[in-house]
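The values are calculated or read from the model by the stated rules, or taken from the named source; none is laboratory data. Computed from a predicted structure; not experimentally measured. Because the Cβ atoms are built from the backbone with ideal geometry, glycine has one as well, and the counts that use them run over all protein chains shown. These area figures cover heavy atoms from the full protein model, side chains too; ligands, DNA and RNA do not enter into them. Shrake-Rupley method; radii C 1.70, N 1.55, O 1.52, S 1.80 Å.
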Amino acid sequence: MILVSLLAGGHEWEKVNLVTKMDRNGMYDRFRCKCCGIEGKSYQMGMITIPERYRKNAFHCPNEQIHRKVKVVRCNAGGGQFANLTPGSIHDIVETPQSERLKGGNKRGEWVMGVSEPVLLIFGEFTYID
């Protein structure tokens with residue numbers, strides 16, 4: 001099983017069941033991506049458990065819409081590089097730095113330009129705008 005954020009990978013998740021279900025792992029809701037059809041169960045708020053058979057598409061929806069800008073909702077990071085990331089500000093998404101590509105790139109959020117270098121905004125700290 002693969003655990004990912006509902007906001008990650010560009011999937012457009014829709015809830016499949018009307019009523020929350022229960023199994024030996026606890027209470028859950030079933031979700032399906034409108035674009036690629038992969039399915040998963042959400043046992044905790046904001047996270048989805050995806051079966052191994054969907055590993056190929058789990059972190060990246062093949063029909064994903066490309067987003068180029070984000071709007072900051074909040075930024076909990078500290079430091080001088082994050083001074084321009086104020087709530088309501090709009091930023092262009094930049095390419096993942098080379099040093100971070102080997103560590104997993106942008107599975108936790110999106111890279112935007114800080115004061116003088118790229119910084120990572122975590123999912124939940126921004127919304128996509130087109």
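Numerical summary
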quantity: Members of segment 37-56 that are more than 23 Å from Phe126 (Cβ to Cβ) and open to solvent by 40 Å² or more (accessible area, probe 1.4 Å); calculated: Glu39, Lys41, Tyr43, Glu52, Arg53, Tyr54, Arg55, Lys56
quantity: Extreme residue, most open to solvent (accessible area, probe 1.4 Å), among residues of segment 114-130 that are assigned to a loop (DSSP other than H, G, I, E, B) and either touching an Asp or Glu at 6+ places or on another chain (Cβ under 6 Å) or of a type in the set (A, V, I, L, M, F, W, C) (or both); calculated: Val115
quantity: Hits in segment 60-101 - residues which are β-branched (Val, Ile, Thr) and not in a loop (DSSP other than H, G, I, E, B); calculated: Val70, Val72, Ile90, Ile93
quantity: Those residues of segment 36-53 which are within 11 Å of His11 (Cα to Cα), modelled with pLDDT of 90 or more and part of a loop (DSSP other than H, G, I, E, B), in sequence order; calculated: Ile38
quantity: Check on Lys71, at pLDDT 85 or above, under 15 Å from Leu7 (Cα atoms) and not polar (S, T, N, Q); calculated: yes
quantity: Residues being open to solvent by less than 40 Å² (accessible area, probe 1.4 Å), out of contact with any Phe, Trp or Tyr (no Cβ under 7 Å at 6 or more places or on another chain) and not in a strand (DSSP E or B) - total across segment 1-35; calculated: 3
quantity: Odd one out for Gly105, checked against (1) open to solvent by less than 50 Å² (accessible area, probe 1.4 Å); (2) at pLDDT below 90; (3) more than 20 Å from Leu3 (Cβ to Cβ); calculated: (3)
quantity: Residue in segment 75-91 that is touching a residue at least 40 places away in the same chain (Cβ under 8 Å) and in contact with a Ser or Thr (Cβ under 9 Å, 6 or more places away or on another chain) present; calculated: yes
